[in-house]
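The structure appears below as structure tokens.
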Amino acid sequence: MTSSEVTRSGLRGTRPEREAVTGVYAGRRGRRRGEQPRVGSGEGTSYYGLPVLNQVTWQTLDIGGYLYLGGLAGASSVLAAGAEVTGRPILARAMKVGALGAVGLSLVGLVHDLGRPDRFLHMLRVLKPSSPMSVGSWLLTAYGPVAGVAAAADVARVLPRTGRAATVVAALVGPAVAAYTAVLISDTAVPAWHDGYREMPFLFVGSAATAAAGLGLLAAPAAESGPARRTAIVGALLEVGAGRLMQRRLGMVAEPYERGRSGALVRAGEIGTAVSAVAAQLVGRAPARRRRVASVLCGAALMVSSGLTRFGVFLAGKASAADPRYTVEPQRRRREARREGAGVEVG
């Protein structure tokens, strides 16, 4: 206990060596000697330097893998349909099996992060169009069985019409499965995710396309890998281009995409994707004996690079939520811009 007394001007009789300073004092006589403000007018910080937002509790391996594998599954179904239409059975079968495996593993990661399987089932009790999580849960629930039927019919060589119909449906739903996770994370208050809502879907779709192209190059012979090579270059242009535009538009909020561990992953993903996509275009010109090896190397590099990009984006979001600058400074700048705009209108 202390003998301090609370008055209208503040605390009287405090002992500086024992009493904690509680921020900015603005009484009648101004700030007491020794008291320091915690939030300056020009600093992008918060009270006591604590995070402004609740921290991202999603596990990196579970949800980062969920983001990556969901995109791989959706894009693989689209590539499978294209391969089947153009008469490339080995590539089509590989993409169907890959799509089924990827969506299954993504659900495992999601359920593991949720803690109990019934929590995923609880999300299916209602369909809320305004909730990306609700829509995404129903997308996965609809997409998984269709992808399974398409793969099973092709591998077992039974029910060809049913298999083709399932392949078409999976290809139609696949783009939404590849893109909805971008909407999901952009719908949060995490600055690096929320502020990038314009470009994030394009970045995720491009990353999904390069991952699926890599799987196609890995699994199919060089004679059937033409669609995978073309998908790789389109996906790389979309992924790298959208990522660069997003970072340029975000300003200081883009720092987690450029610095630290998350920045290193994003840069490695961009470089790996660009180099691998260009190299994949040269596979067809390689000598016959080296063509298969070159195709496998390019495919593996594309898949790894896409994964680096996804995990880099995920970690960048966690870093931006932990640093109050990325929440406070943009808000302050928007407030000042509104004040300036109002002043111009009044004048």
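Read-outs throughout are calculated quantities, based only on the coordinates presented, and are distinct from any laboratory measurement. Keep in mind the model is a prediction, meaning the values are calculated, not measured. No Cβ is skipped: glycine too gets one built from the backbone with ideal geometry, and neighbour counts run over all protein chains shown.
Summary table
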quantity: Ratio of the Cα radius of gyration of region 133-186 to 2.2 N^0.38 Å, where N counts its residues; calculated: 1.26
quantity: Rg(Cα)/(2.2 N^0.38 Å) for region 48-143, N = residue count; calculated: 1.34
quantity: FRET efficiency, 1/(1 + (r/R0)^6) with R0 25 Å, evaluated for LEU172 and ARG125 via beta carbons; calculated: 0.45
quantity: Mean Cα-pair separation over length for region 157-241, i.e. relative contact order, pairs under 8 Å, 6 or more apart, %; calculated: 25 percent
quantity: Surface/4 of the Cα convex hull for region 225-269, nm²; calculated: 3.3 nm²
quantity: Per residue, the convex hull volume that the Cα atoms of region 125-236 enclose (Å³); calculated: 121 Å³
quantity: Base-10 log of normalised Debye intensity for region 171-265 (one unit scatterer per alpha-carbon) at q = 0.11, 0.15, 0.20, 0.21 Å⁻¹; calculated: -0.37, -0.64, -0.97, -1.03
quantity: Extension gain (nm, one decimal) between HIS112 and ARG259, 0.36 nm per residue minus Cα-Cα; calculated: 50.0 nm
quantity: Region 283-328 - convex hull of alpha carbons, volume per residue in Å³; calculated: 66 Å³
quantity: Fraction in percent of alpha-carbon pairs per bin - 10 Å, region 71-205; calculated: 13, 39, 32, 14, 2
quantity: ARG292/ALA165 FRET efficiency (R0 25 Å; Cβ-Cβ; nearest 0.05); calculated: 0.15
quantity: Mean separation of Cα contacts under 8 Å, 6 or more apart, over the residue count of region 96-153: relative contact order %; calculated: 43 percent
quantity: D (Stokes-Einstein, µm²/s), Kirkwood Cα radius, region 215-343, 0.692 mPa s at 37 °C; calculated: 199 µm²/s
